[in-house]
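Below is one structure, written out as structure tokens; comments come after it.
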Amino acid sequence: MAVLGTKRSAFLPMGLVALALDQLGKLHTAQTLDAGDRAPLLGDLLAWANVPAMGGAFGIFQDWLPGAQLIGFSALAFAATGMIVVFYRGLAPGEQGSAAALGAMLGGIASHALDRLRYGSGLDFLHLGPPSSNLLPDFSLADVAIVLGVATLIIELLAAEFTARASERPQR
């Protein structure tokens, strides 16, 4: 039974929310837009997009055959999931912020893995800027969850380091 204020009360719900929101966005986009299309969501600020993502971040595996891509992305997903579980288990019971960050990352990874298994590729369904612009890349909420999770962990690590260093300084 999860108790409020524990790492478990932050980890699992955040992972499920990230997974569900990303999958719902992709489902909506796949039902309303043809592949390659974009439609305004918030004027010229944000648009819906239906853009298959064959490669990963920075084009990783982009030129690989579909079967090899699935193997490569599956291996990365298993490795990342294993690291997240190891870090999660090492958290103190009350470290909700880190647990939520790890949960968001796991939800994003799970959503990407589900896409690869179901569709053979990822699906980017959001676009910053006017729908006709190609200045910024398309992305998904899974991407956002992973990036925000990593950023949260980095900020928490830096804050803990600064606090530790401040306590070691001699008092004047």
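The values are calculated or read from the model by the stated rules, or taken from the named source; none is laboratory data. In this text, all values refer to a predicted model and were calculated from it rather than measured experimentally. FYI the Cβ positions are ideal-geometry reconstructions off the backbone, even for glycines, and counts take in every protein chain you see.
Of all residues in segment 120-163, exactly one satisfies the criterion of being aromatic (Phe, Trp, Tyr) and crowded, with 19+ Cβ neighbours inside 10 Å, namely Phe125.
Of all the criteria given as (1) within 18 Å of the chain's Cα centre (by Cα); (2) at pLDDT below 95, the one not satisfied by Ala35 is (1). For segment 50-62, the set of residues classified as in contact with a Ser or Thr (Cβ under 7 Å, 6 or more places away or on another chain) and either exposed (fewer than 13 other Cβ atoms within 10 Å of the Cβ) or outside any loop (DSSP other than H, G, I, E, B) (or both) consists of Asn50, Pro52, Ala53, listed by residue number.
Could you say whether any residue in segment 9-17 is more than 15 Å from the chain's Cα centre (by Cα) and within 15 Å of His112 (Cβ to Cβ)? Among the residues of segment 9-17, not one is more than 15 Å from the chain's Cα centre (by Cα) and within 15 Å of His112 (Cβ to Cβ), which makes the answer no. When the residues of segment 7-45 are filtered to those that are touching a strand residue (DSSP E or B) at 6+ places or on another chain (Cβ under 6 Å) and not in a helix (DSSP H, G or I), the one that is nearest to Gln96 (Cα to Cα) is Leu41.
Do we have any residue at all in segment 65-86 that's in contact with a Ser or Thr (Cβ under 6 Å, 6 or more places away or on another chain), surrounded by 11 or more Cβ atoms within 10 Å (Cβ to Cβ) and either touching a residue at least 24 places away in the same chain (Cβ under 8 Å) or over 19 Å from Ile154 (Cα atoms) (or both)?
Taking every residue of segment 65-86 in turn, none turns out to be in contact with a Ser or Thr (Cβ under 6 Å, 6 or more places away or on another chain), surrounded by 11 or more Cβ atoms within 10 Å (Cβ to Cβ) and either touching a residue at least 24 places away in the same chain (Cβ under 8 Å) or over 19 Å from Ile154 (Cα atoms) (or both).
Pairs are defined by a Cβ separation below 8 Å, a sequence spacing of at least 6 or placement on different chains, a first member in segment 146-172 that is over 21 Å from Ala110 (Cα atoms), and a second member that is part of a helix (DSSP H, G or I) and not basic (Lys, Arg); the pairs so defined are Glu156/Gly97; Glu156/Ser98; Glu156/Ala101.
For segment 117-172, residues that are of a type in the set (D, E, K, R) and in contact with a helix residue (DSSP H, G or I) (Cβ under 9 Å, 6 or more places away or on another chain) total 3.
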